[in-house]
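The values are calculated or read from the model by the stated rules, or taken from the named source; none is laboratory data. Computed from a predicted structure; not experimentally measured. So basically every Cβ, Gly included, is an ideal-geometry build from the backbone, and we count neighbours across all protein chains shown. Only protein heavy atoms, including side chains, enter the accessible area calculation; ligands, DNA and RNA are left aside. Shrake-Rupley method; radii C 1.70, N 1.55, O 1.52, S 1.80 Å.
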Amino acid sequence: MAKVKELFALYKDIDDEKLFANLVYFLEKIMPVCNKYDIKMAIHPDDPAWSVFGLPRIINNEKNILKLMKAVDDVHNGVTFCSGSYGTSLENDLPHMIRALEGRIHFAHIRNLKFNTAIDDPVQDFQESAHLSSTGSFDMFKIVKTLYETGFDGVIRPDHGRMIWGEKAMPGYGLYDRALGAAYLNGLWEACEKSFDRSNVKLYR
């Protein structure tokens, strides 16, 4: 416990602005190497999208992530788009964020959450669900479709998985449930490929 308190003490003078400045400093220093070797950085959002134990959170909504993209305006400075992490705040419009980040999303974690509270509830009550739209609060097809329409060509992985069928594994990383998620996401992507003209981004009529 004493060690934990010591670690937290290291951050006592770090607020959102200082943390953001440190992040920008780091990214600016590594961009020349990223450009030379075509290394695409993909920052993962804070999870959940609010402060925990008083620590600053700076990658948790559209405004902040776009601020970072503008501060280090280089295609190699990109994003891991995690629908579960950004989705912990119902104020985040996930498809809109994907469009706003077009060309800067290099990796995608796609998972669903089930909310038991309304957007204006001061305390958000949610739980991770299976990947299917019907089991959670997100329109998973709309999320995948928006990635497809904006030309995303990176890696998509199913994110956290529940423990099902008697499996014992590290919490949040059930193999069976993630395998089902991968199959589901592949199906959504195939539906996009067969339904949309990617060159014009319009539904076939």
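Values for this structure:
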read-out	value
Mean ellipticity per residue at 222 nm, deg cm²/dmol - from DSSP H runs of n ≥ 4 across the chain, formula -39500 (n - 2.57)	-12500 deg cm²/dmol
Helix runs (DSSP H) in the chain reaching 18 Å along axis by Cα, Kyte-Doolittle at least -1.0	16-37, 175-195
For region 76-153: rounded, prolate or oblate by the Cα gyration tensor [a/c cutoff 1.5]	prolate
Cβ-defined net charge surrounding V33, 14 Å radius [Lys, Arg +1; Asp, Glu -1]	0
Nonlocal amide H pairs with I105, under 5 Å, H built at 1.01 Å	V79
Stokes-Einstein D in µm²/s, Kirkwood radius over Cα pairs - the chain at 4 °C with 1.567 mPa s viscosity	70 µm²/s
Listed residues G181, G54, G136, most fluctuating in the chain (Gaussian network, C-alpha, under 10 Å)	G54
Cleavage-rule hits (GluC sites (Glu not before Pro)) in region 82-141: DSSP loop, at most 15 neighbouring Cβ within 10 angstrom	E91, E102
D74/D121 FRET efficiency (R0 45 Å; Cβ-Cβ; nearest 0.05)	0.70
Residues in region 158-197 reached by a label modelled at S134 [backbone nitrogen below 20 Å; 7 Å Cα→Cβ]	162, 164-165, 177-192
Solvent-accessible surface (1.4 angstrom probe) belonging to I156, in square angstrom, nearest 10	60 Å²
Solvent-accessible area, 1.4 Å probe, carbon plus sulfur percent, for the chain	56 percent
Low-density loop cleavage sites - chymotrypsin sites (Phe, Trp or Tyr not before Pro) in region 1-93, where at most 15 other Cβ are within 10 Å (DSSP)	Y11, W50, F53
Rounded accessible area per residue of the chain, 1.4 Å, Å²	59 Å²
Beta bridges by DSSP in the chain, antiparallel share as percent, to the nearest 5	30 percent
Distance violations [Cα-Cα > 28 Å] among K18/K114; K63/K145; K145/K168; K36/K142; K18/K142	K18/K114; K145/K168; K36/K142; K18/K142
A169-K142 FRET efficiency (beta carbon distance; Förster radius 22 Å; 0.05 resolution)	0.15
Loop-resident sites, region 128-201, for trypsin sites (Lys or Arg not before Pro), counting at most 15 other Cβ within 10 Å (DSSP)	K168, R198
